[in-house]
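K.L.:
Before we start, here is the structure in question, set down as structure tokens.
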Amino acid sequence: MERETITRRRLSDEVADRLEGLIHSGEFELGDKLPSERDLMERFSVGRPSVREALFALQKMGLVEITSGERARVTKPTPETVLNGLTGTVHHMLTDAQGVRHLQEARLFFEAGLARDAARLAKETDIARLEEALAENHAALGDEQAFERTDVNFHYVLAQIPSNPVFVAIHEAVVGWLTEQRNTALRNSGVAKGAYDWHAKIFHAIAEHDVDGAELAMRGHLGDISKFYWRAKGRAESG
């Protein structure tokens with residue numbers, strides 16, 4: 001009979017689970033302050049380090065807010081909180097070429113679907129805001145930093161069209177994770193103009209509620225960015 005190893009859980013994990021259960025049960029409601037560290041130490045018969053580690057774990061989950069000098073307060077998790085918790089793992093993935101490719105594929109999957117939704121759901125006000133973002137992107141041609149900023153803003157305005165805060169949070173997380181890819185690709189000669197041309201195609205498809213056209217334009221755009229990124233990386237590694 002094979003032996004099975006039973007790993008003992010850390011006390012901080014047990015405390016975090018207990019506190020999470022108390023929050024979900026309603027004993028501690030949104031906005032409530034949790035008991036002091038000393039009171040939690042007495043309640044769970046643990047030391048201060050276990051209590052602090054538990055509170056930090058709950059903070060990462062978005063369940064509590066910790067302010068220096070005050071007791072932790074119960075908060076509501078947001079999409080941003082959830083995605084921020086992935087940042088460390090994603091940065092590790094970005095050190096490996098295959099990890100970068102996986103994230104590029106995930107972005108393509110997300111933004112292609114987002115473009116379809118935007119084309120289906122866009123109202124006149126949405127189209128007007130996207131057109132304004134496109135104009136700013138065009139005006140920034142020739143100014144590398146301004147173009148990168150308006151490039152991000154164009155995609156941000158597009159992400160807002162379906163009125164789903166999770167989509168906006170994913171967009172903002174991906175922008176941060178793939179900053180190096182975008183900046184590297186856009187430094188290639190002519191790539192900024194090409195990116196703007198794709199933005200124009202995406203805009204016109206959304207303005208015309210052309211769902212398939214919007215997806216195809218987005219796939220073309222991100223495909224180009226990926227191609228130029230890997231080309232630049234190859235030159236840098238061989239040079």
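The values are calculated or read from the model by the stated rules, or taken from the named source; none is laboratory data. No experiment lies behind these values; they were computed from the predicted model shown. Here Cβ is always computed from backbone atoms with ideal geometry, including for glycine, and neighbour counts include all displayed protein chains.
K.L.:
Which members of the range 192-220 meet the condition of being surrounded by 21 or more Cβ atoms within 10 Å (Cβ to Cβ) and either at pLDDT below 95 or in contact with a strand residue (DSSP E or B) (Cβ under 6 Å, 6 or more places away or on another chain) (or both)?
P.N.:
Across the range 192-220, the qualifying residues are 192, 195.
K.L.:
In the range 230-239, what residues are farther than 20 Å from residue 141 by Cβ and in contact (Cβ under 8 Å) with a residue 12 or more places away in the chain?
P.N.:
Scanning the range 230-239 gives 231, 233.
Results for (1) in contact (Cβ under 8 Å) with a residue 40 or more places away in the chain; (2) basic (Lys, Arg); (3) in the same structural domain as residue 144 (by TED's automatic domain parsing); (4) farther than 21 Å from residue 126 by Cβ, shown as yes or no for each residue.
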{"residue": "182", "(1), (2), (3), (4)": "yes, yes, yes, yes"}
{"residue": "185", "(1), (2), (3), (4)": "yes, no, yes, yes"}
{"residue": "189", "(1), (2), (3), (4)": "no, no, yes, yes"}
{"residue": "194", "(1), (2), (3), (4)": "no, no, yes, yes"}
{"residue": "201", "(1), (2), (3), (4)": "no, yes, yes, no"}
{"residue": "205", "(1), (2), (3), (4)": "yes, no, yes, no"}
{"residue": "220", "(1), (2), (3), (4)": "no, no, yes, yes"}
{"residue": "224", "(1), (2), (3), (4)": "no, no, yes, yes"}
{"residue": "228", "(1), (2), (3), (4)": "yes, no, yes, yes"}
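K.L.:
Looking at the structure I just gave you, is residue 173 buried (at least 19 other Cβ atoms within 10 Å of the Cβ), touching a residue at least 24 places away in the same chain (Cβ under 8 Å) and aliphatic (A, V, I, L, M)? Quick ask: steps written out before the conclusion?
P.N.:
Values: buried (at least 19 other Cβ atoms within 10 Å of the Cβ): no; touching a residue at least 24 places away in the same chain (Cβ under 8 Å): yes; aliphatic (A, V, I, L, M): yes.
So residue 173 does not fit the description; no.
K.L.:
Only one residue in 146, 139 is exposed (fewer than 14 other Cβ atoms within 10 Å of the Cβ) and either at pLDDT 90 or above or in the same structural domain as residue 102 (by TED's automatic domain parsing) (or both), so which one is that?
P.N.:
139
K.L.:
Follow-up question, since we're still on this one. Can you tell me which residue in the range 31-58 is surrounded by the fewest Cβ atoms within 10 Å (Cβ to Cβ), limited to those that are more than 13 Å from residue 12 (Cα to Cα) and in contact with a strand residue (DSSP E or B) (Cβ under 7 Å, 6 or more places away or on another chain)?
P.N.:
31
K.L.:
Yes or no: residue 40 part of a helix (DSSP H, G or I), of a type in the set (A, V, I, L, M, F, W, C) and modelled with pLDDT of 90 or more?
P.N.:
Considered against the rule, which asks whether it is part of a helix (DSSP H, G or I), of a type in the set (A, V, I, L, M, F, W, C) and modelled with pLDDT of 90 or more, residue 40 comes out as yes.
K.L.:
Next question, about the same structure. How many of the residues making up the range 13-27 are surrounded by 14 or more Cβ atoms within 10 Å (Cβ to Cβ), in contact with an Asp or Glu (Cβ under 9 Å, 6 or more places away or on another chain) and under 17 Å from residue 75 (Cβ atoms)?
P.N.:
Going through the range 13-27 one residue at a time, the tally reaches 2.
K.L.:
Same structure again: Kindly evaluate residue 164 against the criterion of being surrounded by fewer than 20 Cβ atoms within 10 Å (Cβ to Cβ), under 23 Å from residue 139 (Cα atoms) and of a type in the set (S, T, N, Q).
P.N.:
When the stated conditions are applied, residue 164 does not pass them.
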